[in-house]
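Accompanying notes for the structure given below.
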Amino acid sequence: MNFFEANFDGLVGPTHNYAGLSVGNVASLSNAKNSSSPRQAAKQGLSKMKALHDLGMVQGVLAPQERPDVYTLRRLGFTGTDAQVIAKAAKQAPAVLRAVCSASSMWTANAATISPSADTHDGKVHFTPANLTNKFHRSLEPVTTGRILQAMFRDPAHFAHHTHLPDNDHFGDEGAANHTRLCSAYGKRGVELFVFGRYAFDSSQPAPKRFPARHTLEACEAVARLHGLSGEHVVYMQQNPDVIDQGVFHNDVIAVGNQNVLFYHQQAFVDKQNKLSELRRKFGNEADLHLIEVKDSDVSVSEAIKTYLFNTQVITLPSGEMAIIAPTECQESHAVSSYLAALVQQHTPIRHVHYYDVKQSMRNGGGPACLRLRVALSEQEKQAVNPNVLMNDALFSTLNQWVDKHYRDQISEADLADPQLLDESRSALDELTQILGLGSVYQFQQE
């Protein structure tokens, strides 16, 4: 049976803005309060999706969240009509309003952790939405994320869906941004690499001092249990606290993997040598495992963060060769572009680099890898996926027209208080659920 990895990219929401909400994310903070372009952001994301489809990849679309989230504002004591709730929040708690307008669900690497059927105890693909407890604006996402994933992957014969972990910092879960699967082939049992920032129940262990460690070991272990993973095929690695304090808020800012390749920075991990040895042992055939370490002398941590060298996608093309999908910021950096030009000439599976413009996302702290959620599937499992969410020429054209119809060209911080933005967003999402065949996944639809 044919197996492959599908990428499901987050569709940028109509309220895409630069509110600087993500402490620890250098790009997010440095662009705070600049005006954004939701229309341009959505089209940049769609163009990347179409480009991967044209490369022969299976590419899907993951719908955004409903924003502004007036339901959360009501939970926080704001009353009246929807317009009055937004007006009161804008006047009394503008920081809260900015948070409930966030369109950060576009970064679907944080949406969930997914284990393919080859790894799980029951032979199904398992999904656990991330609780994202470390950031208020992202902690609002998991319930709707779960509904959307269930509307995409409906068939219980192939797919198992779990409730997100308890909403507590002890089980802080940031999803696939801290999860990598390594395997000899997509259809064979692999090693699932869970990366965490801190130990929730052991304060004697190393932890960052400046920025938060968002993901805990305990969350990793819980997801592995839920998915029925064998301990002999799981590795837990701690992210280097020093690089978290430099702005590496997720592992996918300092490391990325695909099949038999782990591409990582020299400073990425704690107890690196022992953990890489464990990874080699559990992978099995060490000769087939490529551990590509980028030395600090070649690309510094700060340059990796600035360009998102590791927040790239490493994909396996239909030819069997691998390619890096990189933002144009990598191309514009002499150190990074030189490194990548040399990398594709070396004896590794990575033979190509493709650059794409995702600047609207980059300015808010997310590169190509942030925008996608990876799902390894068999051909039979692919046939069970909601076909309306899979990219093709017709869907690309339809979604571009949908964006032109519903999205504003620019949004400033002041625009978030405009009650019309909620009506525009709901109208857009209502139409989108029909395009993607999702049903009523949003609360406003269910009411």
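Can you list the helices (runs of 4 or more DSSP H) found entirely within segment 190-283 that contain at least 2 residues being open to solvent by less than 40 Å² (accessible area, probe 1.4 Å) and small (G, A, S)?
In segment 190-283, 217-226 are the helices (runs of 4 or more DSSP H) which contain 2 or more residues that are open to solvent by less than 40 Å² (accessible area, probe 1.4 Å) and small (G, A, S).
What number of residues in segment 177-197 are in contact with a His (Cβ under 8 Å, 6 or more places away or on another chain) and either under 18 Å from K272 (Cβ atoms) or among the hydroxyl-bearing types (S, T, Y) (or both)?
Count: 7.
Conditions: (1) of a type in the set (G, A, S); (2) touching an Asp or Glu at 6+ places or on another chain (Cβ under 7 Å); (3) outside any helix (DSSP H, G or I). G439 meets all but one. Number of the miss?
(2)
Please indicate, with yes or no, whether at least one residue in segment 16-26 is more than 22 Å from M152 (Cβ to Cβ) and either in a helix (DSSP H, G or I) or modelled with pLDDT of 95 or more (or both).
yes
Here is a list of conditions, (1) within 22 Å of Q65 (Cα to Cα); (2) in contact with a Gly (Cβ under 7 Å, 6 or more places away or on another chain), and D122 meets all of them except one; can you say which number that is?
Evaluating D122 over (1) within 22 Å of Q65 (Cα to Cα); (2) in contact with a Gly (Cβ under 7 Å, 6 or more places away or on another chain) leaves (1) as the failure.
Among the residues that make up segment 286-300, is at least one of them touching a Lys or Arg at 6+ places or on another chain (Cβ under 7 Å), without any contact (Cβ under 8 Å) to a residue 60 or more places away in the chain and farther than 21 Å from A369 by Cβ?
yes
Go through (1) more than 16 Å from the chain's Cα centre (by Cα); (2) of a type outside the set (A, V, I, L, M); (3) open to solvent by less than 50 Å² (accessible area, probe 1.4 Å) for E174 and report which single condition fails.
Single failed check for E174: (1).
The values are calculated or read from the model by the stated rules, or taken from the named source; none is laboratory data. Worth saying up front: this structure is predicted, and the values here are computed from it rather than measured. Heads up, the Cβs are rebuilt from the backbone with ideal geometry, glycines too, and the neighbour counts pull from every protein chain shown. The area values use the complete protein model at the heavy-atom level, side chains included, leaving out ligands, DNA and RNA. Shrake-Rupley method; radii C 1.70, N 1.55, O 1.52, S 1.80 Å.
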